[in-house]
Amino acid sequence: MLSMRSNLVCVSATLLMSALLMLSCASSSHSDHLIVHIPQHCPRVVHVDTCIPGAPNDDVTVNEQGSGKTSLCPGTSHTVEIEVVQTDQHYRLVSSAVHVRRTGDGMATSVEAELPVEQ
């Protein structure tokens, strides 16, 4: 009887730990990845409108004003990382340097990032 009770405690503890681990992983924010091609002469701020049907999903080219469009629609708990591709440069902007603009209900409207002066 004692052996069965200790097995029940071990199994219960294992199930509880597994459930907590799954909840922890599920609640972590996910970063979406966006490749942005920048023209040679572009302002330091890049603005990409999101959730645009028919626009490229993850490979965007911005114009000389720094504007572009993507069909990517980051979820409310998602952040965005940008990979910048320019003629002579290629670098990544981590999600903390990228701002996802949202409506009051959390729908993404655009992604904005300030490009560094020099890489």
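FYI, it's all coordinate maths here, none of it is from the lab. Quick caveat: nothing in here was measured; it's all calculated off a predicted structure. No Cβ is skipped: glycine too gets one built from the backbone with ideal geometry, and neighbour counts run over all protein chains shown.
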- Note on the structure: For region 33-114, listing GluC sites (Glu not before Pro) in a DSSP loop whose Cβ sees at most 16 other Cβ atoms within 10 Å gives E64
- Query: For V45, what charge total do you get from the other residues with a beta carbon under 15 Å from its beta carbon, if Lys and Arg give +1 and Asp and Glu give -1?
  - Reply: -2
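Please report, to one decimal in angstroms, the Kirkwood hydrodynamic radius of region 30-114 built from all distinct Cα-Cα pairs.
12.6 Å is the Kirkwood radius here.
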- Message: Which of D58, D88, D32 has the fewest other C-beta atoms within 10 Å, and how do the rest follow up to the most?
- Response: D88, D58, D32
- ³J(HN,Hα) across region 99-109 via Karplus (A = 6.51, B = -1.76, C = 1.60, θ = phi - 60°), whole Hz, x for Gly/Pro? 9, 9, 7, 9, 6, x, 8, x, 6, 5, 10
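Give me the net charge of S110's neighbourhood, meaning all other residues with Cβ under 12 Å from the Cβ of S110; Lys, Arg count +1, Asp, Glu -1.
Overall, the nearby charge balance is +1.
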